[in-house]
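Chemist: The structure's right below; bear with me while I get my questions together.
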Amino acid sequence: MRKEKLGAVGCSSGGDDYNHCCLSCFSKKAEQYIHAATKSVPYVAYKNKFMTTDNKRIWIETGYSIFAASGQAGLKVEPLAQAVGKSKSSFYHHFADMDLFMDYLLQHHLKQSAIIGQKENSASCVDPELISILVEHQTDLLFNRQLRIHRNISSFNTALQQSDKIVGNAFVKVWAKEMNLNMPAHKIESITTLALENFYLQINENNINHKWLSSYFAELKKITTSLL
């Protein structure tokens, strides 16, 4: 019995009757047919949309890591393209210029800050729970450090303040609970603000680990206790 043709899509094996299709070709035809039948986004456009999104994300994640390690001075199109494994024209296809690309990186940092804040809100103690979160988000911490170093740039300072509000508020809750602090909220915030400034100035890619962080917070605990 002859089966129905699958639309008007040709087969790479030589015919448009799926009696003569290979399994791979049949699968592709079926997917195209479903999209056409439901009048959804055309298959090629649908596929290209997600490819574009994935490609843009690769640029952003790579640029984010480079900025975290080297700051704005490390963000050059040619070495960035080499790190991504694509051409410079691909960069300009997704981003008009480096300023727009930096805006994407700052937006990505705020999204990451929200994720960190959510995790910190779930932490019941500094060691090991909060420390584990910080180790997991090493790149985000280093990105924040670069923003602090270059806070004279308006957009960096704005993103820094927004990130600190998200991450800092969550940290204060964990720290206040850890220290059993019984003082006005503004005093707790003042202490933790100073501690965070000191923390970000000390961290680097080599010391964001459980051993160093455990030692750092133990010392911070002693200092905080002496101030009470």
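Chemist: Taking the criterion of being without any contact (Cβ under 8 Å) to a residue 40 or more places away in the chain, buried (at least 18 other Cβ atoms within 10 Å of the Cβ) and not in a helix (DSSP H, G or I), would at least one residue in the stretch 87-100 satisfy it? Outline the logic, then answer.
Modeler: Within the stretch 87-100, the subset without any contact (Cβ under 8 Å) to a residue 40 or more places away in the chain is 87-93, 95-100.
Those left that are additionally buried (at least 18 other Cβ atoms within 10 Å of the Cβ): 91, 95.
Cutting the leftovers down to not in a helix (DSSP H, G or I) gives us 95.
Among the residues of the stretch 87-100, at least one is without any contact (Cβ under 8 Å) to a residue 40 or more places away in the chain, buried (at least 18 other Cβ atoms within 10 Å of the Cβ) and not in a helix (DSSP H, G or I), which makes the answer yes.
Chemist: Within the stretch 135-159, can you find the residues that are part of a helix (DSSP H, G or I) and either out of contact with any His (no Cβ under 9 Å at 6 or more places or on another chain) or not assigned by TED's automatic domain parsing to the domain that holds residue 206 (or both)? It would help to see each step written out before you state the result.
Modeler: From the stretch 135-159, those part of a helix (DSSP H, G or I) are 135-136, 138-149, 154-159; that's our starting set.
Residues satisfying the conditions are 136, 138, 139, 141, 142, 145, 146, 148, 149, 154, 155, 158.
Chemist: Check whether at least one residue in the stretch 119-129 is outside any helix (DSSP H, G or I), out of contact with any Phe, Trp or Tyr (no Cβ under 7 Å at 6 or more places or on another chain) and within 30 Å of residue 63 (Cβ to Cβ), and report yes or no.
Modeler: Step one: filter the stretch 119-129 for residues outside any helix (DSSP H, G or I), giving 123-125.
Those left that are additionally out of contact with any Phe, Trp or Tyr (no Cβ under 7 Å at 6 or more places or on another chain): 123-125.
Add one more test, that the residue is within 30 Å of residue 63 (Cβ to Cβ), and what stays is 123.
For the stretch 119-129, residues outside any helix (DSSP H, G or I), out of contact with any Phe, Trp or Tyr (no Cβ under 7 Å at 6 or more places or on another chain) and within 30 Å of residue 63 (Cβ to Cβ): present.
Chemist: Another question, if that's okay. Looking at (1) crowded, with 19+ Cβ neighbours inside 10 Å; (2) touching a residue at least 40 places away in the same chain (Cβ under 8 Å); (3) more than 14 Å from the chain's Cα centre (by Cα), which is the one condition that is false for residue 109?
Modeler: (3)
Chemist: Further question: Quick check: is even one residue across the stretch 171-184 within 22 Å of the chain's Cα centre (by Cα), in contact (Cβ under 8 Å) with a residue 24 or more places away in the chain and more than 21 Å from residue 228 (Cα to Cα)?
Modeler: No: zero hits.
Chemist: Here is a follow-up. Any residue that is under 24 Å from residue 68 (Cβ atoms) and touching a Gly at 6+ places or on another chain (Cβ under 6 Å) - is there at least one of those in the stretch 179-192? Show your work before the answer.
Modeler: First, the residues of the stretch 179-192 that are under 24 Å from residue 68 (Cβ atoms): 192.
Remaining after also requiring touching a Gly at 6+ places or on another chain (Cβ under 6 Å): none.
There is no residue in the stretch 179-192 that is under 24 Å from residue 68 (Cβ atoms) and touching a Gly at 6+ places or on another chain (Cβ under 6 Å).
Chemist: Further question on the same structure: How many residues, within the stretch 158-182, are surrounded by 13 or more Cβ atoms within 10 Å (Cβ to Cβ) and more than 17 Å from residue 114 (Cα to Cα)?
Modeler: Here the count works out to 6.
Chemist: To continue, here is another question. Which condition from (1) among the basic types (Lys, Arg); (2) touching a Phe, Trp or Tyr at 6+ places or on another chain (Cβ under 9 Å); (3) over 30 Å from residue 216 (Cβ atoms) is the one that residue 88 breaks?
Modeler: Every listed condition holds for residue 88 apart from (2).
Chemist: Checking the conditions here, which among 45, 81 is at pLDDT 95 or above and part of a helix (DSSP H, G or I)?
Modeler: Details: 45 fails: at pLDDT 95 or above.
Within the list 45, 81, the selection yields 81.
Chemist: Moving on. Between residues in the stretch 116-136 that are farther than 16 Å from residue 166 by Cβ and residues that are part of a helix (DSSP H, G or I) and among the hydrophobic types (A, V, I, L, M, F, W, C), which pairs lie under 6 Å by C-beta distance while being six or more apart or on different chains?
Modeler: From the stretch 116-136, the pairs are 126/217; 131/213.
Conditions (1) assigned to a loop (DSSP other than H, G, I, E, B); (2) in contact with a helix residue (DSSP H, G or I) (Cβ under 8 Å, 6 or more places away or on another chain); (3) not assigned by TED's automatic domain parsing to the domain that holds residue 66, marked per residue:
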residue: 177; (1), (2), (3): no, no, yes
residue: 182; (1), (2), (3): yes, no, yes
residue: 187; (1), (2), (3): no, no, yes
residue: 190; (1), (2), (3): no, no, yes
residue: 193; (1), (2), (3): no, yes, yes
residue: 200; (1), (2), (3): no, yes, yes
residue: 205; (1), (2), (3): yes, yes, yes
residue: 208; (1), (2), (3): yes, yes, yes
residue: 215; (1), (2), (3): no, no, yes
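Chemist: Then there's this: In the stretch 220-227, is there at least one residue being within 19 Å of residue 120 (Cβ to Cβ), touching a residue at least 40 places away in the same chain (Cβ under 8 Å) and in a helix (DSSP H, G or I)? Steps first, answer last, please.
Modeler: Of the stretch 220-227, the ones within 19 Å of residue 120 (Cβ to Cβ) are 220-221, 224.
From the residues that got through so far, the ones that are touching a residue at least 40 places away in the same chain (Cβ under 8 Å) too are 221, 224.
If we keep only those that are in a helix (DSSP H, G or I) too, we end up with 221, 224.
Yes; the residues of the stretch 220-227 include at least one that is within 19 Å of residue 120 (Cβ to Cβ), touching a residue at least 40 places away in the same chain (Cβ under 8 Å) and in a helix (DSSP H, G or I).
The values are calculated or read from the model by the stated rules, or taken from the named source; none is laboratory data. Not measured: the values here are computed from a predicted model. Methodologically, a virtual Cβ is constructed for each residue, glycine included, from the backbone with ideal geometry; neighbour enumeration extends over all protein chains shown.
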